[in-house]
Amino acid sequence: PWDGKWWGTQPAKTERPAKTIDWSSTPFILKTIRDHLADPSAPIRLTAVMATASTKDPEAVVTLRSRFSTETDPDVKAALASAFGKLGDQEALPLLIAAMKDPNAPENVRDASLASVETIGSEVALKGLLDLLESGSLAVDRQARVVSALGRFKAESAAGALLRSLKSV
């Protein structure tokens, strides 16, 4: 519903208002999207993941988490990682942190995981980023991204790890 404030004077700089009023077919559509998260076709799974993130369907979050561990398509897995950030799913943080630490994970999955960890925030996210930085296993370009993300957390507890990593560069 209109709250009298949509968009303001610069609509291009803001997100469109969420459509929060269900209509008669909403449950059917959300179920259809959820069903397609396990489709055999990667492009259909990718579309279903993006639709789930867009609709912010809370019932799909558990399915998204279970799909993340078994997903084989790198683009779908990266979309899953991004969806966790858009949904603010704190319970997905261990999955995202593990993906960031996995040297065999595709770069787009690690990048999307890092972005979502940063978006979700929390002490768990901060600890995961600090552990990753202090592991010494990051390539220089990855290390710079993690340092940047930690800097945005503005957590005093990160200062020591940040200083140590900057001295090693």
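Every residue, every condition in (1) among the β-branched types (Val, Ile, Thr); (2) within 22 Å of residue 40 (Cβ to Cβ); (3) out of contact with any His (no Cβ under 8 Å at 6 or more places or on another chain); (4) open to solvent by less than 30 Å² (accessible area, probe 1.4 Å), yes or no:
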position	(1), (2), (3), (4)
78	no, yes, yes, yes
107	no, no, yes, no
114	no, no, yes, yes
140	yes, no, yes, no
151	no, no, yes, no
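Just so you know, in the stretch 87-96 the residues that are closer than 20 Å to residue 57 by Cβ and in a helix (DSSP H, G or I) include one that is most open to solvent (accessible area, probe 1.4 Å), and it is 91. Looking at residue 92, is it among the small types (Gly, Ala, Ser) and in contact with a helix residue (DSSP H, G or I) (Cβ under 7 Å, 6 or more places away or on another chain)? In short, yes.
One residue is enough: does the stretch 128-136 have a residue meeting the conditions more than 30 Å from residue 160 (Cα to Cα), of a type in the set (Ser, Thr, Tyr) and open to solvent by 60 Å² or more (accessible area, probe 1.4 Å)? Within the stretch 128-136 (the criterion being more than 30 Å from residue 160 (Cα to Cα), of a type in the set (Ser, Thr, Tyr) and open to solvent by 60 Å² or more (accessible area, probe 1.4 Å)), the answer is no, since none of the residues qualifies.
Pick from 70, 20, 9: which is over 15 Å from the mean Cα position of the chain (by Cα), within 30 Å of residue 133 (Cβ to Cβ), loosely packed, with under 12 Cβ neighbours inside 10 Å and without any contact (Cβ under 8 Å) to a residue 60 or more places away in the chain?
After applying the criteria, what remains is 70.
Is it fair to say residue 102 is without any contact (Cβ under 8 Å) to a residue 24 or more places away in the chain and under 30 Å from residue 59 (Cα atoms)?
yes
Condition check: aromatic (Phe, Trp, Tyr) and modelled with pLDDT of 95 or more. Does residue 28 satisfy that? For residue 28, the condition - aromatic (Phe, Trp, Tyr) and modelled with pLDDT of 95 or more - is not met. Of 155, 99, which residue is surrounded by 13 or more Cβ atoms within 10 Å (Cβ to Cβ) and either among the aromatic types (Phe, Trp, Tyr) or under 17 Å from the mean Cα position of the chain (by Cα) (or both)? Only one candidate qualifies: 99.
The lone criterion from (1) modelled with pLDDT of 95 or more; (2) open to solvent by 40 Å² or more (accessible area, probe 1.4 Å); (3) part of a helix (DSSP H, G or I) left unmet by residue 54 is number (1).
The values are calculated or read from the model by the stated rules, or taken from the named source; none is laboratory data. These numbers come from a predicted model, not from an experiment. Cβ coordinates were reconstructed from backbone atoms using ideal geometry, including for glycine residues, and neighbour counts include every protein chain displayed. Please note that ligands, DNA and RNA were not included when accessible areas were found on the heavy atoms of the full protein model with its side chains. Shrake-Rupley method; radii C 1.70, N 1.55, O 1.52, S 1.80 Å.
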